[in-house]
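Worksheet: the structure to be examined is printed underneath.
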Amino acid sequence: METSTVKAFGTEAAEAPLNQMNIQRRKPTPHDIEIDILFCGVCHSDLHTARSEWGAAMYPCVPGHEIVGKVISIGNHVSKFKVGDIVGVGCMVDSCRECQYCKEGLEQFCEPGMTGTYNSPDKFLQDMPTFGGYSESVVVDENYVLHIPENLDVAATAPLLCAGITTYSPLKHWNVGPGKKVGVVGIGGLGHMGIKIAKAMGAYVVAFTTSESKFAEAQRLGADEVVLSKDPEQMKKFTGQLHFILDAVSAQHDINAYLSLLKVDGSLALVGAPEQPLPVAAFSIIIGRKSFAGSMIGGIAETQEMLDFCGENNITADIEMIDINQINDAYERLLSGDVKYRFVIDMASLKN
Ligand code: NAP
Ligand code: ZN
Ligand code: ZN
């Protein structure tokens with residue numbers, strides 16, 4: 001397979017910092033699009049993976065699955081995009097296309113397994129993992145590329161490709177809308193999108209944060225009420241009040257405290273993916289016939305639907321732009337909750 005050498009930023013081992021490296025990208029095949037990457041969001045999953053916190057990371061690891069860029073070339077069978085289009089790539093770049101779930105538009109649950117944008121076996125380059133968006137360019141099959149609404153700021157749209165769809169999909173699945181009281185837990189990259197999207201869907205939104213510094217801002221993001229989750233008195237006020245809770249916390253926390261805030265038949269969906277199991281007490285769900293659930297990103301068609309919804313409602317992420325050489329520092333800041341609310345890498349800083 002013919003390849004080109006591309007500059008990227010990644011790591012060789014779980015304990016090593018990210019550094020500049022060269023990677024190989026396949027030359028576009030007939031169904032491929034070559035994308036010059038303009039911006040890439042920094043998801044907490046990038047950090048979990050680079051440091052092998054979920055196990056089984058493949059090295060070298062080039063993270064990044066919130067990609068926006070410009071189409072610079074297309075294969076001769078490409079019909080959905082043209083050179084010059086501003087496009088997005090999220091968490092997956094391929095799937096089997098034949099299983100029950102691929103056919104239903106749930107490619108993220110593809111039975112043989114979806115191909116992640118990074119850290120998956122590359123179907124084209126033998127014995128190589130896929131490499132993500134912390135790089136100059138990427139080559140992706142057109143069926144896994146998204147159209148970006150023209151009215152949205154390009155850099156602030158990048159986080160929609162993971163944080164946007166990961167919150168939109170469960171909010172929609174659990175019928176969040178007018179008349180529903182919804183909790184969003186953890187106001188990071190995912191959580192702040194969850195607040196904005198739940199509000200735009202018409203719900204009454206209650207934000208839960210451990211950070212006093214985010215208290216006032218959560219209201220600006222769209223929350224109707226904000227709770228400092230460390231304060232049991234503030235938590236108690238919401239006992240049995242919420243129809244649905246979206247939990248976007250990246251670390252250990254007490255799930256039972258949140259299950260107690262659900263109404264009868266309420267559901268809590270986990271999108272945050274902490275390293276360690278989260279113990280659930282039987283009586284936290286038995287009483288009130290509650291559901292403890294999970295959700296992972298969303299399918300390709302649903303991701304486009306989310307982008308169009310965000311275009312119509314003028315929703316983008318609140319971002320802090322960084323240069324690529326600030327990435328290791330950005331990871332430390334993610335761990336201390338010091339981001340409002342998504343780092344986005346200006347990829348010009350890698351190219352120059
Ligand atoms: P993030 O920006 O770092 O936000 C996580 C938030 O969790 C923090 O801002 C903080 O919010 C809260 N938090 C952090 N440590 C905490 C602790 N010890 N106790 C309580 N709260 C704590 O991360 P993200 O990018 O939004 O990702 C969140 C999680 O979702 C990660 O685990 C990520 O891997 C996962 N994820 C899952 C999917 C999926 O498909 N399911 C997709 C993308 C990401 P406050 O300051 O407001 O408390
Ligand atoms: Zn992500
Ligand atoms: Zn499949």
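A few notes on this one:
- Subset of region 334-345 (residues that are over 16 Å from the mean Cα position of the chain (by Cα) and buried (at least 16 other Cβ atoms within 10 Å of the Cβ)): G337
- Region 120-154 - residue that is farther than 18 Å from I72 by Cα and among the aliphatic types (A, V, I, L, M) and, of those, surrounded by the most Cβ atoms within 10 Å (Cβ to Cβ): L152
- Residue match in region 27-48 (condition: more than 18 Å from the chain's Cα centre (by Cα), polar (S, T, N, Q) and either farther than 22 Å from I319 by Cα or modelled with pLDDT under 95 (or both)): yes
- Among the residues of region 63-86, none qualifies, meaning not one is small (G, A, S), within 16 Å of ligand 3 (Cβ to nearest atom) and in contact with a Cys (Cβ under 7 Å, 6 or more places away or on another chain).
- When region 181-220 is limited to residues that are more than 16 Å from ligand 2 (Cβ to nearest atom) and in contact with an Asp or Glu (Cβ under 7 Å, 6 or more places away or on another chain), the one that is nearest to H253 (Cα to Cα) turns out to be V185.
- Within region 312-352, tally of residues that are under 25 Å from T210 (Cβ atoms) and either of a type in the set (D, E) or in a helix (DSSP H, G or I) (or both): 13
- Contacts under 6 angstrom Cβ, first residue in region 230-251 being hydroxyl-bearing (S, T, Y), partner crowded, with 20+ Cβ neighbours inside 10 Å and not in a loop (DSSP other than H, G, I, E, B), 6 or more apart: S250/H44
- Output for region 83-104, where each listed residue is surrounded by fewer than 16 Cβ atoms within 10 Å (Cβ to Cβ) and within 16 Å of ligand 1 (Cβ to nearest atom): none
- Hits in region 271-311 - residues which are in a helix (DSSP H, G or I) and buried (at least 16 other Cβ atoms within 10 Å of the Cβ): S284, I285, I300, E302, T303, Q304, E305, M306, L307, F309, C310, G311
- Criterion (of a type in the set (F, W, Y), over 24 Å from K199 (Cα atoms) and within 16 Å of ligand 3 (Cβ to nearest atom)) met by exactly one of F131, F109: F109
- Filter result for H253 (modelled with pLDDT of 95 or more and in a loop (DSSP other than H, G, I, E, B)): yes
- In region 243-259, residue nearest to L278 (Cα to Cα) [restricted to those that are within 14 Å of ligand 1 (Cβ to nearest atom) and of a type in the set (A, V, I, L, M, F, W, C)]: I255
Let's see how each residue does on (1) closer than 18 Å to W174 by Cβ; (2) of a type in the set (F, W, Y):
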residue	(1), (2)
M235	no, no
F238	yes, yes
D247	yes, no
H253	no, no
G272	yes, no
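- Residues within region 271-301 that are out of contact with any Pro (no Cβ under 9 Å at 6 or more places or on another chain), within 14 Å of ligand 1 (Cβ to nearest atom) and free of Cβ contacts under 8 Å to residues at least 40 places away in the same chain, tallied: 4
The values are calculated or read from the model by the stated rules, or taken from the named source; none is laboratory data. This is a predicted model, so every value here is computed, not measured. Positions of Cβ are backbone-derived with ideal geometry, glycine not excepted, and every protein chain shown enters the neighbour counts.
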